[in-house]
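Following: one structure in structure tokens, then a few remarks.
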Amino acid sequence: MKSASTEQSVERIENGHKKKRNRPQKHMRRSKHSSVPIEDTHVEESSDGRTSCRSKAKDSTSSSKQQRSDDSNELEAVRASNVAFNSMPPLRFEGRAETGFPGRSASPLLSSPEVSKQLLSKSCPDPRACEQSPRMDGDLFPQIQGSSQRKIFSSHWSLDAVSQALEKGEAFKALFRVNAHNRNEAYCKIDGVPTDILINGNVGQNRAVEGDIVVIKLDPLSLWPKMKGFVTESVAKPEGTNSPPEKEDKNARQKNAIDVVEGFEDGFLANNSSVIGQGAKNGVTRSSSPLLDSCLGSFCEQKGNCSVVEKLCGIISSFPHKRPTGQVVAVVEKSLVRDSIVGLLDVKGWIHYKESDPKRCKSPLSLSDDEYVQLMPADPRFPKLIVPFHVLPGSIRARLENLDPTLEAELVAAQIVDWGEGSPFPVAQITHLFGRGSELEPQINAILYQNSVCESDFSPGSLTSLPDVPWEVPEEEVQRRKDLRDLCVLTIDPSTATDLDDALSVQSLPGGFFRVGVHIADVSYFVLPETAIDTEAQFRSTSVYLLQRKVPMLPPLLSENIGSLTPGADRLTFSIFWDLNREGDVIDRWIGRTVIRSCCKLSYDHAQDIIDGKSDGAENGWPPLHGSFEWSDVIRSVKQLSEISTTLRQRRFRNGALQLENSKPVYLFDEHGVPYDFVMCSRKGSNFIVEEFMLLANMTAAEVISQAYPASALLRRHPEPNTRKLKEFEGFCSKHGMDLDISSSGQLQESLEKITGNLKDDSVFVDILNNYAIKPMQLASYFCTGNLKDSVAEWGHYALAVPLYTHFTSPLRRYPDIVVHRAIAAALEAEELYSKLKQTSIDEVGSCFTGIHFNKDVAESMEGKEALSVAALKHGVPSTEILSDVAAYCNERKLAARKVRDACDKLYTWFVLKKKEVFPCEARVMNLGSRFMTVYISKLGIERRIYYDQIEGLCADWLDATSTLILDKLYSKRGGRGYFKPLKETVYLVSPCDLCVAKCSALSVHDTELSEAVSKDEVGPVVFPLTIQLFSTIPVVLHAVGGDDGPLDIGARLYMSSYYN
């Protein structure tokens, strides 16, 4: 197995950094369990087709209320916004439906779309009669009046309307992504358009959820907001707005204000209005786009015949300071994640509601089928769900009847079954119960379930196609292959690796040349097309690694035994040999099916010790040698491979490749598999040996299959970065005196190297720059060449700066590699068939399809076409249509595996912090404003926000002219109305006396060196007043948030010292 670290640099750039920031407004309150709300305009189509707008505040006929000032209106919106984050009280249905959820016969739940409307009809009590849920901020929900008589969302377009709009270029299909910091912001990336489209507000998102494939219609150009640059005014503010809004924007909001009930996610409208915010001032509504159409037409006249996407790109480039916005008009493909949303039931909110009224609190408690409980998703990108009681599993319902508060600590999974036009929330049913949210195993199981990772045993049918063990290579198969068992071949992998799918060899040739071989496990020999094991491997698509365990793509019998390149055992492989000169130029190459016998399995540490000259390999603890080879042969091979890989790496960067990477934490586990600590680890030179030759093998394979089968080759492309974000990064660097060239990946890499060279004494800031550089990067993806046959320029890989790339080197853990192996096997077979058709020897024909020079004349000849076609049929090379589906599915599963890995990293960090309780460390301020700061914690390589507005006992003075924040402690309670959070949410306050006691305890340690080491690494608190500027280094305390009482998170607080408590 090639370790994930060998692809870390490429994959980190390929995956990009998709976390975005919210856009908080000055006078809106935050919830602990949701993003900062933003004010939004809400549009609804009336019965006559006109667009109207509604306010969520109740109508009032009182003259005093009519004379409220704009400021009062804004305060009213504040009070409304705090309504959201509590358990919704029971809903009373006025009617019944005959149909219900799938799998439940004669269910009383109403069918869509009447479910959502009647769930909200006359169901919520007066908020004054309810107590506040301790788990949420704000008041309980107000009464919802008349919700069944009106639509919150517009109807989705029909399939015919969608098809016509897409054909005419009036709408675009795109993947729907939600801002993890602010669910009111979503983004859609249109293929070929450099800037993503902002979908702002719950109404504009129109019931789409993360991962849906949607159809969007662009807003008029006049409604596109000003592009928020990476640096606005005098502080860096990526995505989120971290300063008071400009006066004219505030006045505009007050003039067109729509009070927002945060609990209904900006989607609940109460009053009819003829204005829709900014668009109303220009007399333009969202339902029409005359100005945009005019621009499209004008641009088309200038450029002649061009596609709608090209026109849109022209408009965006003509208005670089405008941010394109749109709205969802249809969901054409629902995300599979809708069926596996993990979260916690808000049981305490429900119990508080029941106990607040003696009439409702009966003993024993009787639950009505007409009521529901709310589910709070662990992933903030998903909306809150409502789960009717009559579809609850019996065990959960029984615990609710007994008012069991521990039920709230149980992780559950739910499936969205309906989201009607009149419902602010989706209706769901519980599908799975995992266990307590504060335990490791339930959390890991929930992560796997949420990402649809199959953990079940392999089917008997898939296992029967594998040979029995012990297994030996059949002699007839050896005769068909090149025998390399006498060649010094070795593997370099992590010490714990069991699925070894790549090996290396090197030979010295006359004239100073080297012959380097990469040998990849021939999994396609065992996994034949359209067999049971092939179907299962395609379904799983990729192995998923969880540090302490893995979910394999192939049965262990194959991936860890007969298919793995075990030392001392004969194994089947695909081999690629390159003849290289000392400059790294490929002079010649050979590709074929082979038999090898690896002489040893080296770990990365072993290889690094050889490179550094620290070991001769004869020490205890080193792996055994197999065959007739000596350690001197292994040491010579490793050193030569290291020198050649260094040359290839330098050459690759000279040709424009991009490398962005930071140190990562490595977790330490106890005997029970629970993480208790971590250490920072960076990659070694031995990692780069494997990486360089794997990259070269992947590029070679891509060249072969794209030339032999140009309409059905599975390649991997990496598009250019998001233009807007890249320019924001450029502006950030320019503001701080750093010259950044973003014209190409090579220029970006070169300028970053110059900047980091000047900052070599500040490794933390280098990490910050790398993090910022990764944010504009887009996701790499598999694709079928037949789908982009007219756009060959889009085949390239931006980060690697190569025109062709694929995955070939990890067939034991990636299904696309098996597909590529079959295509290469077909090309090799076609060479033999062509020689037979021409009645000549294979040596005379040569490697016409797989050699360094592709023979196009042979490929286009009648015999060549026949040979390629017959070989493709024999080895199962799929058609363009089938391969397109395979690529799309593999992209989805690879992204899911990445999400599992990221979620597990966060989970392990959470458990370490929970064990430590508090973890003091240094942080660097990355973003600073009047409301919050974003800090980078280098010890963990993570970013966190610290909010300091509206904190009891804390005074935050923001000096806009100098971009300086001054924090001081208030020694008296604040007066006036308003809600202020406790100081402990922002500041971890310690007494100097306690610090003295701790230091005395440390000095009592007899080991002087240990005491000095502890003192050196110790992070001490600072005192009030605290002055902070951008890039300041400040002490913070990290702590674990949630578990049994909410979603897991890692919190950060300022580390301060004061005698005053």
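Taking the options VAL987, VAL1022, VAL1014, VAL1005, name whichever one is among the aliphatic types (A, V, I, L, M), under 38 Å from the mean Cα position of the chain (by Cα) and modelled with pLDDT under 90.
Going through VAL987, VAL1022, VAL1014, VAL1005 in turn, the sole match is VAL1014.
In segment 154-172, is there at least one residue being in contact with a Leu (Cβ under 6 Å, 6 or more places away or on another chain), at pLDDT below 95, small (Gly, Ala, Ser) and open to solvent by less than 10 Å² (accessible area, probe 1.4 Å)?
no
Scan segment 925-946 for residues that are open to solvent by 30 Å² or more (accessible area, probe 1.4 Å) and in a strand (DSSP E or B) and jot them down.
ILE942, GLU943, ARG944, ARG945
Look through SER847, SER869 and report the one residue that is touching a residue at least 40 places away in the same chain (Cβ under 8 Å) and not hydrophobic (A, V, I, L, M, F, W, C).
Answer to the check: SER847.
So which residues in segment 310-334 are surrounded by fewer than 20 Cβ atoms within 10 Å (Cβ to Cβ) and hydroxyl-bearing (Ser, Thr, Tyr), if there are any at all?
Matches in segment 310-334: SER317, SER318.
Please enumerate the residues belonging to segment 208-229 that are assigned to a loop (DSSP other than H, G, I, E, B) and over 21 Å from the mean Cα position of the chain (by Cα).
ASP219, PRO220, TRP224, PRO225, MET227, LYS228, GLY229
Go through segment 423-450 residue by residue and tally those that are in a loop (DSSP other than H, G, I, E, B), surrounded by fewer than 22 Cβ atoms within 10 Å (Cβ to Cβ) and in contact (Cβ under 8 Å) with a residue 24 or more places away in the chain.
Counting residues in segment 423-450 that are in a loop (DSSP other than H, G, I, E, B), surrounded by fewer than 22 Cβ atoms within 10 Å (Cβ to Cβ) and in contact (Cβ under 8 Å) with a residue 24 or more places away in the chain gives 1.
Among (1) modelled with pLDDT of 90 or more; (2) open to solvent by 20 Å² or more (accessible area, probe 1.4 Å), there is one condition ARG683 misses while meeting the rest; what is its number?
Checking ARG683 against (1) modelled with pLDDT of 90 or more; (2) open to solvent by 20 Å² or more (accessible area, probe 1.4 Å), the one that fails is (1).
Taking VAL391 and the conditions (1) open to solvent by 50 Å² or more (accessible area, probe 1.4 Å); (2) under 30 Å from ASN206 (Cβ atoms), which numbered condition does it fall short on, given that it satisfies the others?
Only one criterion in (1) open to solvent by 50 Å² or more (accessible area, probe 1.4 Å); (2) under 30 Å from ASN206 (Cβ atoms) is unmet by VAL391, namely (1).
Do we have any residue at all in segment 755-768 that's closer than 28 Å to ILE190 by Cβ and of a type in the set (Asp, Glu)?
no
For segment 770-783, does any single residue satisfy the condition of being among the basic types (Lys, Arg) and either open to solvent by less than 40 Å² (accessible area, probe 1.4 Å) or part of a helix (DSSP H, G or I) (or both)?
Yes, segment 770-783 has at least one match.
Among the residues of segment 1034-1061, count how many are in a strand (DSSP E or B), over 20 Å from LYS969 (Cα atoms) and either open to solvent by 30 Å² or more (accessible area, probe 1.4 Å) or hydrophobic (A, V, I, L, M, F, W, C) (or both).
Matching residues across segment 1034-1061 total 6.
Considering each residue of segment 581-622, count those that are buried (at least 16 other Cβ atoms within 10 Å of the Cβ) and within 30 Å of TYR525 (Cα to Cα), and give that number.
16
Mind listing just one residue for me: the one in segment 708-767 that is in a strand (DSSP E or B) and hydrophobic (A, V, I, L, M, F, W, C) and, of those, surrounded by the fewest Cβ atoms within 10 Å (Cβ to Cβ)?
Ranking the qualifying residues of segment 708-767, first place goes to LEU715.
Report every pair of residues separated by at least 6 positions or lying on different chains whose Cβ atoms are under 6 Å apart, first residue within segment 767-786 and closer than 19 Å to ASP741 by Cβ, second among the basic types (Lys, Arg) and at pLDDT below 95.
LYS775/LYS725; PRO776/LYS725
From the list PRO567, PRO529, PRO510, exactly one residue is without any contact (Cβ under 8 Å) to a residue 12 or more places away in the chain and over 30 Å from the mean Cα position of the chain (by Cα). Which is it?
Exactly one residue qualifies, and that residue is PRO510.
Can you tell me how many residues within segment 481-508 are farther than 20 Å from SER628 by Cα, modelled with pLDDT of 95 or more and of a type outside the set (Asp, Glu)?
Residues meeting the conditions: 2.
For segment 1020-1049, how many residues meet the condition of being over 21 Å from SER963 (Cα atoms) and either hydroxyl-bearing (Ser, Thr, Tyr) or in contact with a Phe, Trp or Tyr (Cβ under 6 Å, 6 or more places away or on another chain) (or both)?
5
The values are calculated or read from the model by the stated rules, or taken from the named source; none is laboratory data. Computed from a predicted model, the values in this text were never measured in an experiment. Please note: Cβ atoms are built from the backbone with ideal geometry, for glycine as well, and neighbour counts cover all protein chains shown. Protein only, heavy atoms only, side chains kept; ligands, DNA and RNA dropped before computing areas. Shrake-Rupley method; radii C 1.70, N 1.55, O 1.52, S 1.80 Å.
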